[in-house]
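Here the structure comes first, spelled out in C-alpha cells, and everything after it is commentary.
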Amino acid sequence: MARHIVLDTETTGLDPRTGHRLIEIACVEVVDYIPTGKSFHEYVHPDREIDPDAERVHGISLASLHGKPRFPEIVERFLEFVGEDPIVAHNAPFDRGFVNAELSRCGLAPTPDHQWIDTLVLAKKKFPGMYNSLDALCKRMKISLAARDKHGALIDAELLAAVYLELQGGKERALDLHAAPAARTIGPSTLAAPYGARPRPLAPRCTIDERTAHELFVRGTLKDKAVWLKFGL
C-alpha cells in the first residue's frame, strides 16, 4: 500500500528568503493514488503584510486571518499527518521552500528534498512542449474546475490529487488497484468530468527547431492574420 501526501500552500509573497510566510497549508492523503478523504487544512497568521499581487491570486486578506494560529501552533499536527511519506506538490521547490522556512523558524529539521515529488516535472515529461500549469492539466485531463474561483490550498490539493492519479496512469491504474468507485469523487466540490475521445492529447512529435521554423514561416508569410498564432501553435 503506497501512501502519498498531496500538498499545496498559499503565501504572503513569492520568496521565503525575503521574509514571506505561509498563510494557508493543505494536505490530502492519497493511498494507492486514490484520495482517502483524510486531509489536513489550516489558515495561518503570518505576522506580516500580504503582498497585493499575492492577495489578488488567492483572495486571502490579513484581516481574514485575525485569530488564526501561528505556524508553531500547528506544526506538530502537520508533521504527524505527513509522516515520512512522499509529499506531492506542483512546482514542489516553491512549497518546499516555504514549508522548510517555517520549520526552521520552529527550530525543526527541514523536509528532505528526496521526500518531495514534483508533478510539474512529471507533467513536462508526459506533455513536452505544452503548458503544464495546474489549470492547464485539469482542463487537459477533463477534471472540473467549476468549484474553483480563486487559488486555495485545499481545493488545489484536491485537484492536484486528481491530476497525480492521471499522471500515474489514470483510470486504468485505479482499476488495476481495484480501488476506483463507479463515479470518481475527489472532494465535496471537485469531480472528474467524463473523458472525451482522447482524454490525454498526444505529445508533439515535431522538434523544437521544426516548431521554430514553422513559427517564423507563419509570422513572415501571414503575419497577424495567422490562425495558428491565436492558439499558440
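General observations
So that you can scan it fast, the table gives a plain yes or no per residue for (1) closer than 26 Å to LEU167 by Cα; (2) acidic (Asp, Glu):
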{"position": "ARG3", "(1), (2)": "yes, no"}
{"position": "ASP32", "(1), (2)": "yes, yes"}
{"position": "HIS58", "(1), (2)": "yes, no"}
{"position": "ALA89", "(1), (2)": "yes, no"}
{"position": "ARG105", "(1), (2)": "no, no"}
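- Residues of segment 107-118 satisfying the condition of being surrounded by fewer than 17 Cβ atoms within 10 Å (Cβ to Cβ) and either over 20 Å from the mean Cα position of the chain (by Cα) or within 26 Å of GLU166 (Cβ to Cβ) (or both): GLY107, LEU108, ALA109, PRO110, ASP113, HIS114, GLN115
- Every residue from segment 25-40 that is surrounded by fewer than 14 Cβ atoms within 10 Å (Cβ to Cβ) and either touching a strand residue (DSSP E or B) at 6+ places or on another chain (Cβ under 7 Å) or at negative phi (or both): THR36, LYS38
- Test: residue in segment 119-128 that is under 11 Å from the mean Cα position of the chain (by Cα), modelled with pLDDT of 95 or more, in the same structural domain as SER39 (by TED's automatic domain parsing) and surrounded by fewer than 18 Cβ atoms within 10 Å (Cβ to Cβ): yes
- Number of the condition not met by PRO194 [criteria: (1) within 26 Å of ILE34 (Cβ to Cβ); (2) at pLDDT 60 or above]: (2)
- Residue within segment 114-124 that is out of contact with any helix residue (DSSP H, G or I) (no Cβ under 9 Å at 6 or more places or on another chain) and over 22 Å from THR36 (Cβ atoms) present: yes
- Scan of segment 131-152 for residues that are assigned to a loop (DSSP other than H, G, I, E, B) and either under 15 Å from ASN91 (Cβ atoms) or of a type in the set (Phe, Trp, Tyr) (or both), ordered by number: TYR131, ASN132, SER133, HIS151
- Filter result for the condition that a residue is in contact with a Phe, Trp or Tyr (Cβ under 8 Å, 6 or more places away or on another chain) and not small (Gly, Ala, Ser), over ARG77, ARG70, ARG48, ARG56: ARG77
The values are calculated or read from the model by the stated rules, or taken from the named source; none is laboratory data. Just so we're clear, the structure is a prediction, and the values are computed from it rather than from any experiment. Methodologically, a virtual Cβ is constructed for each residue, glycine included, from the backbone with ideal geometry; neighbour enumeration extends over all protein chains shown.
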